[in-house]
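Some notes on the structure that comes next.
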Amino acid sequence: MGNRHSRPKPDHLAPKLRQVREFLGLNLEGMAHALKRAKKSPPTKASIYRFERGEREPSLLVLLEYARIAAISVEVLIDDDLELPRRFQSARQK
C-alpha cells in the first residue's frame, strides 16, 4: 500500500486561497459561511486557516466552491503555472 501523502501538491494553492478570501473582503468565518455550498464537507474557519497555511488541502468540492465564488476556473487555483487574475493581485497590495 502506498503512502497516501505521496501525490504531488500544488505549491501556490495556499497563497491563492488566501488571496481569493482577501479579494472577497472576507475573514475566516465569512469564508467558511460562503463555502457552505460544499454541502458534503463544508470547511470550518480552522480548516480554512490550515488551507491558507498549506497545512491541509481542501477537498475537490471545496475547491470548486472557491472557484465559483471567485468566478475563476478551478484550474487557476490548482495549476502552479497559472496566476490569479490581476484583480486579485491588486487586492493583495491594498
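Count of region 34-72 residues, restricted to those that are exposed (fewer than 13 other Cβ atoms within 10 Å of the Cβ), under 22 Å from Arg7 (Cα atoms) and of a type in the set (Gly, Ala, Ser), is 1. Taken over region 9-33, the criterion of being basic (Lys, Arg) and open to solvent by less than 20 Å² (accessible area, probe 1.4 Å) is satisfied by Lys16 alone. Glu75 fulfils the conditions (1) charged (D, E, K, R); (2) assigned to a loop (DSSP other than H, G, I, E, B); (3) at pLDDT 90 or above; (4) loosely packed, with under 12 Cβ neighbours inside 10 Å except for a single criterion, (2).
Residues that are touching an Asp or Glu at 6+ places or on another chain (Cβ under 9 Å) and more than 18 Å from Glu22 (Cα to Cα) within region 61-86 comprise Asp80, Leu82, listed in sequence order.
Applying the condition of being basic (Lys, Arg) and assigned to a helix (DSSP H, G or I) to region 40-72 and asking which residue is farthest from Pro15 (Cα to Cα) yields Arg68. Remark: pairs (first residue in region 58-76, of a type in the set (Asp, Glu); second residue outside any helix (DSSP H, G or I); Cβ separation under 7 Å; 6+ apart in sequence or on different chains) = Glu65/Ala38; Glu75/Leu82.
The values are calculated or read from the model by the stated rules, or taken from the named source; none is laboratory data. Note that the structure is a prediction, hence the values are computed from the model and not measured. Backbone-built Cβ (ideal geometry, glycine too); neighbour counts: all protein chains shown. Accessible surface areas use protein heavy atoms only, side chains included; no ligands, DNA or RNA. Shrake-Rupley method; radii C 1.70, N 1.55, O 1.52, S 1.80 Å.
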